[in-house]
Structures are given as C-alpha cells and as structure tokens.
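Inspection log for the structure reproduced underneath, given as structure tokens.
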2 protein chains.
Amino acid sequence: MLEAAKELGYVPNALAQRFARRKSGNVGVILPFVPKVHLFSTYYFAEILSGIGEAAKACNYDLLLIFREPDSPRDYAKLFRTQKVDACIVLGAQNVVEERAALAELQEEGYPFCLVNQRFDEEGYLTVDADHESGSYEAVQHLIAKGFKQIAFLNGPDAFSSSGDRLAGYKRALEESGIRHEDERIFTGNYSRKSGYEAASRLSEGIRSKRIDAVFVANDRMAIGLMDGLREYGIEAGKDIGLIGYDDSDSSRIVTPKLSTVSVPFYEMGRRAALKLLAAETEEPGNTILPVQLIKRETT
Amino acid sequence: MLEAAKELGYVPNALAQRFARRKSGNVGVILPFVPKVHLFSTYYFAEILSGIGEAAKACNYDLLLIFREPDSPRDYAKLFRTQKVDACIVLGAQNVVEERAALAELQEEGYPFCLVNQRFDEEGYLTVDADHESGSYEAVQHLIAKGFKQIAFLNGPDAFSSSGDRLAGYKRALEESGIRHEDERIFTGNYSRKSGYEAASRLSEGIRSKRIDAVFVANDRMAIGLMDGLREYGIEAGKDIGLIGYDDSDSSRIVTPKLSTVSVPFYEMGRRAALKLLAAETEEPGNTILPVQLIKRETT
DNA sequence: CTGAAAGCGCTAACAC
DNA sequence: GTGTTAGCGCTTTCAG
C-alpha cells in the first residue's frame, strides 16, 4: 500500500531519516585555508576531492566541505558532536601542537577520521600517504644517473611528514652513490611559487661557484618559481642545471622547459581515504602508502 | 539553568535542529563531471568554490558538494525534495535540453538556485556572470591596437552563454575598427588543452597563407594547447602571431611566452552567487554581471 | 516572560 | 511476516 505512494513521487525526507537514524550521512572534508593565498596547488586538492567524491557517492554518503579559517581554532570534534558528519577527512594537516591536539581529541572520543598525505607515525591514525621517500630517492637517483653530483634540495616545511620522507629519500640516494650530503645544499620553502622564486638568490651562488649542479624540489610550484628566479641570474634549468619537481601537476607539463617530476596518485589517495572510513571492511586498517612514479622530462 | 549546561560543553545536535526547523542548513554546489577528464580548469572551480565557501560560512550555512556524473539524470529537484539542501548553486551548467528541463523544474517548484558563469536570458534565473562580451571586445581591441588585422577566434562550445557573449564582443571590436569578420576565422574547441592543440593544424594553414595574424582564444587552457600545437608548425606565439587567452589562470603566467589574457573574478562570482541565495536582502535580484580585466603579457 | 507540551517524519523495536 | 507505536532532540506554539 505504501508501495503505491512511493511510486507516485514519494521521496523520503533525508532530514527526518538522518535524525531518526542518528547518522548525518555526511563525510566532512576539512580543507586548509587556500583561497587567495594559493599556498597549495589547486591541482592537489581538486584531485583528492574528486577521489573522495567518487568513493563517497559509491557508499551513499554526501560530502560536506569545511574550509578551515586561518585564525579559527581547529575544533574538529565539534563537527562530530553536532552530528554534522559521521566521519571526516583532513587535508593539509600539519604537525603543530594545535593540530595534534585537535586530532588527538578526535581519536580519544572515537570519532572516525583519516588523514591524507600526512602521517603522525606515533599515533596510529588512519592515513593514506604516498611513498615520498621512494619518490625522492628515485628523483635524486635519476639526477645522479644523469651525471649530476652536487644536488641541492629545496624542501617543504617541517610540519609536513612528507618533508621528512623526502629528506630521507634524498639522503639515501646520495649515500648509496657515495656522495656526501652537505647541509648547506638543503633549503626550505613553503610550497608557493614565490618561495621557489626567492630561493633562486640563495641557490644561484652555489651554482655559480660550481657547488650545486642540480636541484631536487619538493613540489612543482616551487620548482617553477625557482626556474623563473634562476633565469634572472642567467641560469637555465635543463641546460645549466638539472631540476626535478614533485607532483606532476598540470603546470609541470606546460612550463618551458618541461619539468621532470614525480607523479603522485592524489585522486586515488582521496578515494582510498574515503573508503577507509566508509567501507572499512574492504580496506586495510592503519596507514596505506601508495606508490609514486618518476616522470622524466626536459629539465633533467 | 540551561545556561550552565551550555557552558559545560553542550552543543546542540544539528541533526535534530535541522529536522525540527525543516531546514538542512546546507547549500548544495553542483559540479560538472571533472575528475580525470580535466575538461574545465581546476583553477576555475577552486576559485568559485572558495568564494562560495566564504559566503556560506558568513551566513552559517554548510557546503554540500555534489559531483554530477556523466550519465546520471540531472535531478536537481530531488536535492530539495529530500531536504538535503535549502538552496543550490549550479556550476558549469549548459544550455542543453536536459539541463534546461532540470532548471525549469527547480524554478517551477520554487526552489532557490543560482547559476554561475552561465545565463539563460529568457528564463530570469538568478545568475552571476562575468562580462565576457566586454572582455572579448577589449581583448580583440587590444590585438587590433597592436597592429593585428586578421584575427581568428577559437571559441568554446555553443552550450555556454559565454560563447555567444565572446563572439559578440569579438565581432563588435572588429566592426568598430572596420574589419570585416569572416566565418572561416572562427573555430570551436571544448576548453581542453587538447582541443587547443588540435586546432593548431586548422589554424596553421590560415597563418601560413597570411590570412590569420592573431588568435583570440576563449580560455587559457586551449590557448596554451594552441601555442604548443602551433610550435610544431614552426609558429611562435608572440612572435609570428598574436595570441590572447582568457581566465588569467595560473598557467597563463607560467607558460613561455607569458600569455596575455582576460582576468575573471571567479572567487567573487562564487561569493556573490551564494550571497544571492543566502542573503537575498543585500544582493540585487536577477542577474549580476561582474567586470573582467584585460591582462597584457608577452603574447601580444 | 517562563515553562510545558505537541509534533517534525522518519526508524526501530515490539506486538500481533 | 505485517502493523503499530515509542521516541530521536530539537523548535514552536500555547498556556500559565
């Protein structure tokens, strides 16, 4: 009898349904503060978000987008207490006290969440990461194979686990080839194009004095900024110096010369993160690490 | 007395609240199918989405992200019937029968929605658009001022109102300078880099035979693809031919030579669209058109 | 103005 | 199985 009603255009009220079930049916995606500042590449987030979207849809969940504000306290637990989300995925999490506290609170209260591209190894959180140690190792190994010996490294901020991973991969490749690693060849930027551009002045000296003949950069944006910056010193990537970026973003293919880089499966990382939360049975628990791939182009 | 409880960590249950109020507190953002295909630029969506996010937060709404699937019927009304959203913003809407029907249904049932970067002039929907007619006019006028006379146009698909707007601006600029407009100088792509790349073969003939000396392209992605394609024919943008893109995307600054383009306030467009729905009192009704800005770089 | 009570539209538990 | 009913945690209305 209710059958008939349903067939004549009845749709259940999701609000009532969710209230009665005490499940919001939402997975929250927490985004770091991006607008205007462009600290992170839109490519990165668009891919991860799309991957999350696919998995969420497959599991009949809706996606609630949460933009973190620069100043607001990261009260992730509130999202759960108010029942706005049943689970959440944190993008761009950093290893800083406030973040650690917010995540620890989630953990303590038993709220399901998953980090993407960031690990807190001691904590045993659900995590989907890419194998940045290997990616960096291969990138540097590739530079070495191309004959470069004095390889500088422009890394990202310490607050990201990938920075530690990349440093480890960089060192491993050098050591394996018997090249001594020098602290003075290591530089730090903040992933922005500008910070790469600004690193050019620091690097150009080493290049001039023949103490740097190639640079491995932790993301494409900085690498491209660096290319532009070095050009002002008359140094041409791919000619005067070897250069390899990271992410295989659209820009890496567009820039001249085309940037060698490391491809990261962001889409798949997002998808897997969502699956870990929404279809835990089929996914491995704990930390998942996905492989990356070296892309050789014109700058090496 | 309840005061005390609230101060001691009480948070209202949003599920119950929304159910009782019969308001979801969500604004839905409908995204066209992007993943993998990259038909639209991530830049475009990231900006609009961020703008929507800002306004939504200011109005105490949450953002529900809805990825449209390529095959799924566009049943936008269902989002409202199930009370998943109180209002929605449609991105990348196209002037095709299915879309028109879905939007007409929303209108008939009185569900609030707003389109971004797409108008259906006859319908009187809420819309936030950019002034692509003027943008195109200025772009082409700029090419003319630079001495180009045989200006081709690589437009986007007809299903977007911006294509008609750009064509109108293109023609107006030509007419105003007494240049006859030739249909054979008008080409169509689908906004992808690939379609720009492929247009190179068609355009190169006209360029060789001196019947085209500049190209106005409806977005940066196609313009960059075209640059790359033309290069294979030995034609260098900015030297052998004038070129101007559209969107002022990150890539336009990264590419060599730097692409002249038209800057579109995507962030603001998103913000205004959300405001129209959530703070209707302070926003003008109907269609809002935001100005764009010509950016002169190396390709003109 | 404060306080009690009905009811939002479902789900889930229980009785038939 | 099928049918009934309590109850989810709020808002809103209405009585006091």
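Going through A:87, A:58 one at a time, which residue ends up being surrounded by fewer than 22 Cβ atoms within 10 Å (Cβ to Cβ) and either hydrophobic (A, V, I, L, M, F, W, C) or within 13 Å of another protein chain (Cβ to nearest Cβ) (or both)? Step through it out loud before you land on a result.
Values: A:87 fails: surrounded by fewer than 22 Cβ atoms within 10 Å (Cβ to Cβ).
On inspection, the qualifying residue turns out to be A:58.
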(request) State all residues of segment B:278-299 that are touching a helix residue (DSSP H, G or I) at 6+ places or on another chain (Cβ under 9 Å), among the aliphatic types (A, V, I, L, M) and assigned to a helix (DSSP H, G or I); if no residue qualifies, say none. (result) B:278
(request) Filter segment A:254-287 down to residues that are away from chain B (no Cβ under 14 Å), closer than 30 Å to residue A:237 by Cβ and β-branched (Val, Ile, Thr), then give me how many there are. (result) 2
(request) Specify the residue that is surrounded by the fewest Cβ atoms within 10 Å (Cβ to Cβ); the eligible residues are those in segment B:146-174 that are in contact with a Gly (Cβ under 8 Å, 6 or more places away or on another chain) and among the hydrophobic types (A, V, I, L, M, F, W, C). (result) B:148
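What number of residues within segment B:62-80 satisfy the criterion of being within 11 Å of chain A (Cβ to nearest Cβ) and assigned to a loop (DSSP other than H, G, I, E, B)?
Looking only at that region, the number is 4.
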(request) Give the number of residues within segment A:85-100 that are farther than 21 Å from residue A:279 by Cβ and in contact (Cβ under 8 Å) with a residue 24 or more places away in the chain. (result) 7
(message) Quick check on residue B:114: is it within 30 Å of residue A:41 (Cα to Cα), within 14 Å of another protein chain (Cβ to nearest Cβ) and modelled with pLDDT of 95 or more?
(response) no
(request) Taking only segment B:1-57 into account, find how many residues are within 16 Å of DNA strand C (Cβ to nearest atom) and either in a helix (DSSP H, G or I) or modelled with pLDDT under 85 (or both). (result) 14
(message) Restricting to segment A:216-249, give me the number of residues that are at the interface with another protein chain (Cβ under 10 Å from one of its Cβ atoms), buried (at least 24 other Cβ atoms within 10 Å of the Cβ) and part of a helix (DSSP H, G or I).
(response) 5
(message) Need pairs with beta-carbon distance below 6 Å; first residue at the interface with chain A (Cβ under 7 Å from one of its Cβ atoms) and farther than 19 Å from residue A:77 by Cβ and within segment B:8-22, second part of a helix (DSSP H, G or I) and more than 6 Å from DNA strand D (Cβ to nearest atom); sequence gap 6+ or separate chains.
(response) B:18/A:15; B:19/A:15; B:19/A:16
(message) Please go through segment A:234-280 and give me each residue that is within 11 Å of residue A:224 (Cα to Cα) and of a type in the set (Phe, Trp, Tyr), ordered by number.
(response) A:246
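The values are calculated or read from the model by the stated rules, or taken from the named source; none is laboratory data. Quick caveat, the model's predicted, so the values are computed rather than measured. Positions of Cβ are backbone-derived with ideal geometry, glycine not excepted, and every protein chain shown enters the neighbour counts.
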